[in-house]
Amino acid sequence: MPQIEITNLTKRYGKLEALSDFNLQIDQPQCVSILGPNGAGKTTLLKTLTNIIKPTSGSVTIDGISVSENPMLALQSVGTLIEQPEFYPYLTGREVIEFAARVKGANRAKIKEELDHLSNLLSMEEYLERKTGTYSRGMKQRVCLAVALVMEPMILILDEPTFGLDPRGMKEVRDLIINLKKERDIIILMSTHLISEAKEVSDRVIIVDRGKKIYDTANESNDNVVKVTLETPIDIKHVNMKLENVQLTFLNESTFLLKLLNGMDNSKAISQLLSLGYKVKWAEPYNDIEEKYLKSVSL
Amino acid sequence: MLIITILVSLLLTYFTFTYIPKLPSLFSNFKGFFNTPGFSQRLVGFLWSFVLLDLPVFASVFFGSPAISSEIETRTAFYVFPLPIPRYILLLSKYFAAVSVTIAVIMVYLVVQGIVFYMVFNGILLLPFFLSMGLTILFIFSIVAVTFLVSTIFNKNTYAYISVFLLYFLIFNAYSIISEVLYKVVPYYLLNNSASIIERVYLNISTGFGSFTVTPDGAGYSDILTSLIIMLLYTIVSLAGALLLFERKEVK
Ligand SMILES: Nc1ncnc2c1ncn2[C@@H]1O[C@H](COP(=O)(O)OP(=O)(O)OP(=O)(O)O)[C@@H](O)[C@H]1O
Ligand SMILES: [Mg+2]
C-alpha cells in the first residue's frame with residue numbers, strides 16, 4: 001500500500017514561515033485535496049514531497065523513505081505535476097513523455113504503449129509531434145499530466161491539475177482522477193482552488209491557511225450530520241416532523257440536514273423519517289467544506 | 001560561437017601567410033633567436049595560442065553557464081528534478097556535453113592551425129603544437145567545471161554569464177596584478193596564469209612586473225607539470241563543489 005507521512009514539517013523562506021509544524025498522514029489509497037487561499041503553502045507542501053525544496057525541519061516520507069535523504073528511491077513510483085512546469089522548447093511532446101518514461105525504466109515497447117495510451121487518454125494526438133515551444137498553456141498542462149501519469153505511479157502529486165484547461169479539459173481531468181481511483185489503489189494528493197472540484201473528486205479534503213492545517217475531513221466525524229433529499233418537496237412552513245435525538249435544518253423544500261444527537265445513528269434516523277411517511281430519495285454524510293472554508297480562512 | 005571561432009582562425013591564417021617572410025624584421029628584438037631551429041614555428045604558434053587563452057573561456061561560458069541556472073529560469077526544473085534521475089548524473093552528463101561541444105568548437109581552430117602550420121612549415125609540426133593542444137583540452141575541462149560551479153549557484157542565466165566573466169577576466173586579473181605589484185609574485189595558482197602554459201609551451205615569455213624575459217625555448221617540463229596539476233585541481237574541486245551544491249539545490 002502506498003503511504004505518505006509528513007511529520008512536524010516546517011519550511012521557512014528567510015523570515016517567512018510558509019509551513020509551520022505541518023502534519024499529514026495518508027495511509028490508504030484515496031484522493032486528498034488541499035484547499036487554501038493564495039500563498040497558503042499548498043505548493044510549498046507539494047514541493048517538499050517531490051524534492052524540489054528541502055524541509056527546514058521535520059520529515060517527509062513516502063512509503064517510509066525520506067524524500068530529502070533518498071529522493072531517487074522515494075520518488076520511484078511517484079508522478080508529479082508541480083507549478084506548471086515548462087519543457088525544453090526544442091523537444092516534441094512525445095519526446096518529453098518518452099524521456100520521463102525512460103528514466104522510470106520503460107523499454108521501447110513499453111514506451112510506445114504508454115505514449116499511445118496517454119495521448120489517447122488526454123486527447124493529445126493532434127499536437128504530440130509538435131515542438132512543445134509552440135504549445136498553448138493548456139496543451140502544456142496535458143503534457144505535464146501525461147508526464148505525471150506515465151508508468152502507472154502509485155502516488156500522484158498534482159498542483160492545480162486543472163489550471164489553464166478549458167471547461168472540457170477540466171471535466172476530462174476530473175473524470176480521469178475519479179477513474180484512476182476506481183481502477184487502481186493509488187494515492188492522489190492534489191491542490192486546487194475549486195471547492196466544487198475538491199468535493200467532486202476527493203475522499204478527503206484538507207484546508208490550509210498561512211502554513212497550517214486548519215481543517216481535515218478525516219478528523220471530523222462525518223456521521224454527525226446527514227444530508228437528506230426527499231422525493232417530493234414539502235411545505236417547510238407547516239411541516240411538523242417529530243424526530244427523536246435529531247436536530248433538523250432545512251436547506252430548501254426537498255433537502256434538509258439531520259444533526260444526530262446523543263449517539264443516534266444515521267440508519268435509525270432515516271427509519272424514523274420513513275416511518276413518518278416521508279419518501280427519502282438520497283441520504284449522505286454531510287460536510288460543508290465551503291462553509292468551513294469561508295469561516296476559517298483568513299481574509 | 002562556431003562562427004567566431006572560424007573567423008578568428010581565418011584571420012590568423014591570413015596573418016600567418018602574409019607575415020611569415022617578414023617575421024625577422026617584425027620581431028627585430030628576437031633577431032638572434034631566428035637561427036635556433038624551429039623558432040619561427042614557435043613564434044607563430046605562440047601568436048596563434050594567444051587566442052586559445054580566451055576562446056575556450058568564451059565557448060565554455062556560452063555552452064556551460066546556463067546549464068543549471070536555465071533549468072530554474074525556464075522552469076524545466078519542475079519537470080526534471082522530481083524524475084527519478086540522480087542529480088549527479090544530470091550534472092555530469094550536462095558537464096560532459098558542454099565539454100564536448102566546447103572541445104569540438106576549439107578543435108576547429110586547432111585543426112585550421114595545424115593545416116596552416118603544415119603548409120607553411122613544410123610538413124613539420126613540432127612537439128609544442130601537440131603539447132599546447134593537449135593542455136588546451138585540459139584547460140577546457142577546468143574552465144567548464146568552474147563555469148558549472150558558478151551556474152549551480154545562480155537561478156538566472158545572466159547572473160551566471162556575468163559572474164564567470166567577472167571572475168575570470170576581472171577578479172583573477174586584478175588579483176594577479178595586485179599580487180605582482182605588491183608582493184612581486186605571480187599567483188601561479190590562478191587558473192588564468194596556469195592556462196598561460198598553453199602559449200608558454202611555444203615560447204617561455206614571462207612578463208613579471210618590470211621585467212620581460214624571453215627564451216627561444218618553450219616552458220620546461222616542471223612548469224608544464226605544475227600547470228597541469230593546477231588545472232586538474234580546478235576541475236576536480238569545482239566539479240565536486242558543483243555536485244555538492246546541486247544535490248542541495250532548491251527550486252524556489
Ligand atoms: N521562493 C520563495 N521565496 C520566498 N517566499 C516564498 C517563495 N515561494 C513561496 N513563498 C511564500 O510562501 C508562502 C506559500 O507559498 P505557496 O506557493 O506554497 O502558496 P500556494 O498555497 O501554492 O498559493 P497559490 O494558491 O497562489 O498557488 C507564500 O507566502 C509565498 O509568498
Ligand atoms: Mg500554488
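The values are calculated or read from the model by the stated rules, or taken from the named source; none is laboratory data. Keep in mind that what you see is a predicted model, and the values were worked out from it rather than measured. Note that we place each Cβ from the backbone using ideal geometry, even for glycine, and neighbour counts take in every protein chain shown. Surface areas here come from the heavy atoms of the whole protein model, side chains and all, with no ligands, DNA or RNA. Shrake-Rupley method; radii C 1.70, N 1.55, O 1.52, S 1.80 Å.
A few points about this structure:
- Looking only at region A:28-37, and only at residues there that are outside any strand (DSSP E or B) and within 13 Å of ligand 2 (Cβ to nearest atom), the one that is least open to solvent (accessible area, probe 1.4 Å): A:36
- Any hit, region A:257-269, residues being surrounded by fewer than 12 Cβ atoms within 10 Å (Cβ to Cβ), in contact with a strand residue (DSSP E or B) (Cβ under 7 Å, 6 or more places away or on another chain) and in a loop (DSSP other than H, G, I, E, B): no
- Some residue of region A:168-188 being within 16 Å of ligand 1 (Cβ to nearest atom) and open to solvent by 50 Å² or more (accessible area, probe 1.4 Å): no
- Checking the stated criteria, residue A:193 turns out to be away from chain B (no Cβ under 14 Å), within 16 Å of ligand 2 (Cβ to nearest atom) and surrounded by fewer than 20 Cβ atoms within 10 Å (Cβ to Cβ).
- Residues of region B:78-88 that turn out to be in a helix (DSSP H, G or I) and facing another protein chain (nearest Cβ under 7 Å), as a count: 2
- Checking residue A:148 against (1) under 25 Å from residue A:1 (Cβ atoms); (2) open to solvent by 70 Å² or more (accessible area, probe 1.4 Å), the condition it does not meet: (2)
- Out of B:131, B:91, one residue alone is in a helix (DSSP H, G or I) and within 21 Å of the chain's Cα centre (by Cα). It is B:131.
- Looking at region A:183-252, the strands (runs of 3 or more DSSP E) lying wholly inside it that each contain 1 or more residues that are under 30 Å from residue A:145 (Cα atoms) sit at A:187-191, A:204-209, A:212-216.
- Checked against (1) buried (at least 20 other Cβ atoms within 10 Å of the Cβ); (2) modelled with pLDDT of 90 or more, residue A:228 meets all criteria but (2).
- Counted residues, region A:79-115 - those being away from ligand 2 (no atom under 16 Å from the Cβ), outside any loop (DSSP other than H, G, I, E, B), within 11 Å of chain B (Cβ to nearest Cβ) and open to solvent by less than 30 Å² (accessible area, probe 1.4 Å): 5
- Qualifying residue in region A:38-61 (condition: within 14 Å of chain B (Cβ to nearest Cβ), away from ligand 2 (no atom under 16 Å from the Cβ), among the hydrophobic types (A, V, I, L, M, F, W, C) and open to solvent by less than 60 Å² (accessible area, probe 1.4 Å)): yes
- Positions within region A:116-163 being within 16 Å of ligand 2 (Cβ to nearest atom), among the charged types (D, E, K, R) and either part of a loop (DSSP other than H, G, I, E, B) or under 16 Å from residue A:180 (Cα atoms) (or both), in sequence order: A:160
- Check on residue A:20, crowded, with 24+ Cβ neighbours inside 10 Å and in a strand (DSSP E or B): no
- Of the numbered criteria (1) open to solvent by 10 Å² or more (accessible area, probe 1.4 Å); (2) more than 13 Å from ligand 1 (Cβ to nearest atom), the one residue A:216 fails is (1).
- Of the residues screened, residue A:290 is one that is among the acidic types (Asp, Glu), assigned to a helix (DSSP H, G or I) and open to solvent by 40 Å² or more (accessible area, probe 1.4 Å).
- For the condition more than 14 Å from every other protein chain (Cβ to nearest Cβ) and without any contact (Cβ under 8 Å) to a residue 24 or more places away in the chain, residue B:158 qualifies.
- Subset of region A:34-70 that is away from ligand 1 (no atom under 11 Å from the Cβ) and either among the charged types (D, E, K, R) or farther than 17 Å from residue B:248 by Cα (or both) - its residue that is farthest from the chain's Cα centre (by Cα): A:69
- Of all residues in region A:7-16 being within 16 Å of ligand 2 (Cβ to nearest atom) and farther than 17 Å from residue B:82 by Cβ, the one that is least open to solvent (accessible area, probe 1.4 Å): A:13
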